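Student: Sharing a structure below in structure tokens format, with a few things to ask.
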Amino acid sequence: HDNRIKEIEEMSITIGELEKSNQDLEDQIKSFQSKNVSIKKVETQLKEAEDKIQTLIEENDRIQAKYKSFKDLEEQIIEATDLSQSLAEENERISELLKLPEEKTKMKVTTLQKKVKEERKHKEDLQQQLQEQKKKADDLSQMCDKYKAAYQKTKQTQDERLVMQRPQTAPSKQYREMQVMVETLKGEKESLMQRLSKVAGMKMKDNNPAIADLSDPNRPEKLSEKFREIYDNAWTNLLDTITEKTGESDDIGVKQIVSALMMMYDTCKNTITNNKREIAKLVGYSEDCFDKPYAGGKKGHDPVLKTLKDLIQVSVTRQMVAVTKNIKEFPEIKTILQVGGKNGEAFITECLQLCLYMCTQDPPVVLDFSCKSGDAFNKDKFTPFTKSGSVVDYVVWPVMYLSDNGAIMSKGIAQGK
């Protein structure tokens with residue numbers, strides 16, 4: 001840019017010199033005229049002067065054109081400079097904007113790192129609690145072994161003393177009393193061992209569907225088997241009876257049965273929930289104490305609450321009578337009983353008992369009736385009835401879950417279209 005300005009200045013000086021030379025020529029012409037030189041010589045000089053003037057004019061035009069070119073170039077340089085400045089400002093603005101997502105990302109990373117740290121600490125706390133539980137179990141085992149050894153030693157010493165003291169005839173009263181005491185101690189020890197085992201099992205099973213009590217005939221696995229048996233037998237017999245007596249198609253009978261099952265499940269669920277709330281009030285607990293999941297550790301397990309849950313489970317038989325009486329007042333149930341006869345009675349009884357056992361599990365087993373006509377046919381949850389398709393026409397048998405948001409215990413059955 002500086003070189004071009006210098007060239008323009010040099011051209012301006014040249015133009016000035018040419019103009020001065022032109023002025024000198026004009027002065028010479030005037031001088032020649034004043035001195036009365038010969039016309040021919042003057043004409044020749046005039047001709048030369050005109051030629052020189054013409055040359056100067058052409059040179060001047062060329063210089064002016066070049067000067068204009070440089071002027072245009074200078075304007076372009078100024079525009080380019082302004083554009084460069086604008087681009088620099090835009091680049092700075094974009095950089096500032098890009099910093100915002102980066103800061104947000106850093107905040108998210110920091111939050112995630114904090115969560116990971118908390119989870120790691122929670123895991124370490126659980127491991128420490130597990131170690132403490134193991135240590136306590138080992139201490140109890142050692143204590144039991146110690147008491148057992150002391151008992152065996154005491155028993156042996158007492159037996160030796162009794163042998164030495166008692167006559168060779170009938171046992172003495174003291175010996176018989178010692179035998180009774182020994183048997184009592186044995187019974188107490190066995191009772192303590194059973195209670196210790198039961199408490200440990202209760203802590204593991206408390207609101208934990210992943211741990212099953214294999215001695216419980218109404219555990220979730222057995223309930224899912226019973227659920228499938230009802231569909232294979234009682235449901236089939238009832239549907240056949242309904243279609244034979246009414247002459248209606250299968251889909252109408254199926255919908256009546258599903259409606260009755262949903263009514264029984266909801267009734268049992270509400271009954272058990274209300275009973276739990278009443279019991280919680282009586283013992284001074286909050287109404288939602290039965291719904292809270294086990295948090296782990298000593299504070300997470302409440303033996304009183306666990307005992308109440310077990311009592312509610314074993315009370316199903318006593319509650320069955322009252323629930324059955326109430327359920328028969330619903331129109332859906334009345335229709336099943338009137339049309340189905342003995343098969344309807346059998347279906348209602350089996351389903352009602354199953355629903356009560358499901359709702360008293362810890363946590364409760366769940367039946368899902370949320371699938372509606374027109375929903376996508378999910379083959380992971382449902383098996384086709386007599387037709388398959390991409391969407392559901394109607395539900396034939398609901399899905400059973402281990403718990404709320406738990407694993408599927410028994411797939412449902414649905415008609416596709």
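Readers should treat all values here as calculations from the given coordinates under stated rules, not as data from a laboratory. Worth saying up front: this structure is predicted, and the values here are computed from it rather than measured. Because the Cβ atoms are built from the backbone with ideal geometry, glycine has one as well, and the counts that use them run over all protein chains shown.
Student: Which entries in the list LYS222/LYS276; LYS226/LYS255; LYS269/LYS417; LYS117/LYS381; LYS255/LYS411 go over 29 Å, if you measure between the two C-alpha atoms of each? Numbers along the way, then the final one.
Tutor: Values: LYS222/LYS276 24 Å; LYS226/LYS255 21 Å; LYS269/LYS417 32 Å; LYS117/LYS381 37 Å; LYS255/LYS411 18 Å.
Violating the 29 Å Cα-Cα cut-off are LYS269/LYS417; LYS117/LYS381.
Student: Mind ranking 378-388, 238-248 by how tightly packed they are, going by the mean number of other C-beta atoms within 10 angstrom, highest first?
Tutor: Details: 378-388: 13.5, 238-248: 15.8.
Packing proxy ranking, top to bottom: 238-248, 378-388.
Student: Suppose the chain between ASP380 and LEU83 were pulled fully straight at 0.36 nm per residue; how much longer would it get relative to their current alpha carbon spacing?
Tutor: 100.7 nm
Student: Go ahead and run the numbers for FRET between ASP251 and THR324, Cβ-Cβ distance against an R0 of 41 Å, rounding to 0.05.
Tutor: That pair, ASP251 with THR324, gives E of 0.90.
Student: Quick one: which residues, 5+ away or cross-chain, put their amide H under 5 Å from the amide H of ILE413? H built at 1.01 Å from N.
Tutor: THR383, VAL396, TRP397
Student: Something else about it: Starting from 0.36 nm per residue, how many nanometres of slack lie between GLU9 and GLU132 once their C-alpha separation is accounted for?
Tutor: Value of the extension gain: 34.7 nm.
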